[in-house]
Amino acid sequence: MPELHYTLGVILLQQAKPDEAAAAFQKPRGIKSDYGEAVYTLGSVRLNELKTNRQAATFSMNTGIANLKAGKIDESSAQFENVIKLPPDNADGYYNLSRALKAKGKKAEADAAYRKAKQLNQKIKPL
């Protein structure tokens, strides 16, 4: 029975459905199994998600910084909003979001984003 879940997980991965694949790889309720391939593959799925999120965050950060330098404040804010979602503990993302919000004249929101950046990284530089 665990082999069926493993095969389903592999198929879902091939269809670019990592969340559904992860669910298939997890041990079904009521079935005792230590099916190592499924556990290993589930770990690989989660690792790939982390790598993909970090790559997306890096891309959004770089695009946001370029937009901020070019004076495209709204576009930079949108990119920095993406950064803090992928992963949500990105101090630089919050710091740059605070810069963009400050440039938009949204002082209270900028201060909140800066405080979050400072909470995540005490070494963050002042605005």
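The values are calculated or read from the model by the stated rules, or taken from the named source; none is laboratory data. Remember, it's a predicted structure, so these values are computed and weren't measured experimentally. FYI the Cβ positions are ideal-geometry reconstructions off the backbone, even for glycines, and counts take in every protein chain you see.
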Condition broken by Pro87, with the remaining ones in (1) farther than 18 Å from Ser60 by Cβ; (2) part of a loop (DSSP other than H, G, I, E, B); (3) of a type outside the set (Ser, Thr, Tyr); (4) touching a Lys or Arg at 6+ places or on another chain (Cβ under 9 Å) satisfied: (1)
Near pairs, Cβ below 8 angstrom, 6+ apart or cross-chain, from segment 53-76 (closer than 13 Å to Lys104 by Cβ) to any residue that is at pLDDT 90 or above and not in a helix (DSSP H, G or I): Ile73/Lys104; Asp74/Lys104
Which listed residue, of Leu68, Leu127, is farther than 29 Å from Pro18 by Cβ, modelled with pLDDT under 90 and out of contact with any His (no Cβ under 8 Å at 6 or more places or on another chain): Leu127
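Kindly indicate whether Glu75 is modelled with pLDDT of 85 or more, charged (D, E, K, R), part of a helix (DSSP H, G or I) and surrounded by 13 or more Cβ atoms within 10 Å (Cβ to Cβ). Outline the logic, then answer.
Values: modelled with pLDDT of 85 or more: yes; charged (D, E, K, R): yes; part of a helix (DSSP H, G or I): yes; surrounded by 13 or more Cβ atoms within 10 Å (Cβ to Cβ): yes.
Considered against the rule, which asks whether it is modelled with pLDDT of 85 or more, charged (D, E, K, R), part of a helix (DSSP H, G or I) and surrounded by 13 or more Cβ atoms within 10 Å (Cβ to Cβ), Glu75 comes out as yes.
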